[in-house]
């Protein structure tokens, strides 16, 4: 059973924290069509947008009633969730970049080959065609005219 990393509430539950509640509609079934799978950057943007909206709403509630402890706790929870999401996204990006930068040429080539072989057939075929087009383009003569 899967649970939210922050609140530890199972994802099958009806309610969780400020981070996992808006994301429950993004859960996908393993084996779905590759074209229907949401991208990590798209989901990340949705998470940030949802958390910013929550922060704005809780901030308005707190401005309306500065003594509202519930609004204050929700605002702090949403802000902490946003900070964690952005921090983890930054770490993931830096870790990935560092890992690739520290690879040798042979390791990078192996990574690329593994990535290509794991692509769905339609994407792999498209990539091979694009590479062939690029190779033909750079192998073609620049011009047939003789410069005098």
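Restricting 80, 101 to those that are out of contact with any helix residue (DSSP H, G or I) (no Cβ under 7 Å at 6 or more places or on another chain), without any contact (Cβ under 8 Å) to a residue 12 or more places away in the chain and more than 26 Å from residue 6 (Cα to Cα) reduces the list to 101. Of all the listed residues (132, 122), the sole one being touching a helix residue (DSSP H, G or I) at 6+ places or on another chain (Cβ under 9 Å) and not assigned by TED's automatic domain parsing to the domain that holds residue 58 is 122.
The values are calculated or read from the model by the stated rules, or taken from the named source; none is laboratory data. Here the structure is a predicted model, which means the values were calculated and not measured. Here Cβ is always computed from backbone atoms with ideal geometry, including for glycine, and neighbour counts include all displayed protein chains.
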